[in-house]
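Right, one structure below, let's go through it.
The values are calculated or read from the model by the stated rules, or taken from the named source; none is laboratory data. Bear in mind the structure is a predicted one, so any value in this text is a computation, not a measurement. Reconstructed Cβ throughout: ideal geometry from the backbone, glycine too, with neighbour counts over all protein chains shown. Each accessible area value is taken on the protein alone, full model and side chains, heavy atoms only, with ligands, DNA and RNA left out. Shrake-Rupley method; radii C 1.70, N 1.55, O 1.52, S 1.80 Å.
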Amino acid sequence: MEINIQEPGKEELIEEEKRGEGVSAWELYRRDPVLCLLKGHWHLKTSWIVGGVIVLSCAISFGLEALSGGFAHSVPLRYIIRLLLQTFVLFPLTALIYVSLPASILGLFETLKANSVIGAPREERSKGETYEEVLARLAAWQGSMWWTVSAWLLVGSYMFYRFAVIDAAVRNSDPLWLRVPMAMVYGLTIYVVFLSVVRLLVGWMVLNQVFSTFRIHLALWHPDGSAGLGILDEMLVKSTWLMLLMGMAVFAVHSSLLSGQPTIFSLTQALGLGLVYVGLTPLLVFGWLWLSRKAFVEARSAALRPLGQQLQRELQTILGSRLDEREKLKRELDQLEEMKRLYELTREAFPLWPATIVQVRRFFLVVVSLSAAIPILAFLVTIVNSIFGWHLPIV
């Protein structure tokens, strides 16, 4: 029987090996012109980018709105709240996730290697692939030009829908010089959210392949409380926040475009965005948790399997013993009891869920509930408006 426990003192050696792998975060976004401009050419810090997003959002949402005379008369409270949420919550947090994701995803793979979680390749599945080749494939998939092209096509479709369809069907009193910057902000948000979702999905897919191709060793008493898999919690948190922000974006775009008379476009838009949102939420939010559980279950089964087989043999030996050989029978029963204690100890040492998930369970319940409630509420209100023509104060 072999139980894989992380040996102390390996971190320094692994750090030296990691520096020679030759994969950088830049390779994950080298085909993303927006992030290349901000990080690669202008070398802006993340704090400067997020601050710039807030300033730009304030200038467009409040400055241009004031110039257009939008605040000259009484403004509905719901409209002010929507602008504040967009300016100080939705746009900056979305930008923060978008900018930090490439380094976080690469750090995820490197941390798992540094924690000795990733072991030797499985002979039956690896086909001779090394972990460095996995990182190279991650960079190639993340940096594919097709994702950038798809993102710009999605933005172009939104702009066409915004001006050629919605503005033609729904009367809008805002001047064009105000509508265009706002549409550009929403379009850029769609671009950022799309690429962030793609990066999370690609990272999850590659990591799932890693867990299937390489042997997983759990450091049971690692300081992160998750046997060396605590880095997955960071990705889970970012995925959960991204889904919450997507829900807010769905509501913001929906309410800003369809604030006039309800039309067939309102129901179609809400239904389409709702289906996309509902489809992505389980995978993005619970996919990382499923990977953690998969590793824990596999490691637990590998550790318990030989112990269970040994227990079975011991039991068969006892059942075949003669009852009159009391001393021998007592020794065999004592040995069986020790094996059972070792089995139970091993089962308790390998939990089925990371310990940290208990600590953050309430956070996820709150965030997931909010992220699910926002688009569902917008969808239900749209249906009511479209069918009955009611002018509810939320849209």
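Could you tell me how many of the residues in the stretch 177-210 are within 30 Å of Y131 (Cβ to Cβ) and among the basic types (K, R)?
Residues flagged as within 30 Å of Y131 (Cβ to Cβ) and among the basic types (K, R) within the stretch 177-210 amount to 1.
Determine whether S74 is on the phi < 0 side of the Ramachandran plot, modelled with pLDDT under 85, more than 26 Å from the chain's Cα centre (by Cα) and crowded, with 19+ Cβ neighbours inside 10 Å.
Taking the combined requirement at face value, the residue does not satisfy it.
Do any helices (runs of 4 or more DSSP H) lying entirely in the stretch 94-176 carry at least 2 residues that are of a type outside the set (A, V, I, L, M, F, W, C), open to solvent by less than 60 Å² (accessible area, probe 1.4 Å) and in contact (Cβ under 8 Å) with a residue 60 or more places away in the chain, and which ones are they?
By residue number, 131-142.
List the residue pairs whose Cβ atoms are under 9 Å apart, where the first residue sits in the stretch 59-83 and is of a type in the set (S, T, Y), the second is at pLDDT 80 or above and open to solvent by 50 Å² or more (accessible area, probe 1.4 Å), and the two are 6 or more positions apart or on different chains.
Filtered contacts from the stretch 59-83: S61/L84; S68/W177.
Check the stretch 18-37 and report whether any residue there is hydrophobic (A, V, I, L, M, F, W, C), part of a loop (DSSP other than H, G, I, E, B) and either loosely packed, with under 15 Cβ neighbours inside 10 Å or at pLDDT 85 or above (or both).
No: zero hits.
Residue under question is K328, and the condition is that it be of a type in the set (K, R), assigned to a helix (DSSP H, G or I) and either modelled with pLDDT under 75 or surrounded by fewer than 10 Cβ atoms within 10 Å (Cβ to Cβ) (or both); does it hold?
Considered against the rule, which asks whether it is of a type in the set (K, R), assigned to a helix (DSSP H, G or I) and either modelled with pLDDT under 75 or surrounded by fewer than 10 Cβ atoms within 10 Å (Cβ to Cβ) (or both), K328 comes out as yes.
So in the stretch 40-49, with the set limited to residues that are of a type outside the set (S, T, Y) and either under 17 Å from L93 (Cα atoms) or not in a helix (DSSP H, G or I) (or both), which one is most open to solvent (accessible area, probe 1.4 Å)?
Step by step, filter the stretch 40-49, then rank; the result is W48.
The conditions are (1) more than 18 Å from the chain's Cα centre (by Cα); (2) touching a residue at least 40 places away in the same chain (Cβ under 8 Å), and T189 fails exactly one of them. Which is it?
(1)
Check L307 against each of (1) under 30 Å from W204 (Cα atoms); (2) at pLDDT 80 or above; (3) in contact with a Leu (Cβ under 9 Å, 6 or more places away or on another chain) and name the one condition it does not meet.
Failing condition for L307: (1).
Residue check: is L83 assigned to a helix (DSSP H, G or I), touching a strand residue (DSSP E or B) at 6+ places or on another chain (Cβ under 8 Å) and either farther than 20 Å from K39 by Cβ or modelled with pLDDT of 90 or more (or both)?
No.
Say we look at the stretch 199-247 and pick out the residues that are among the aromatic types (F, W, Y) and not in a helix (DSSP H, G or I); which of these is least open to solvent (accessible area, probe 1.4 Å)?
Applying the filter and picking the extreme gives F214.
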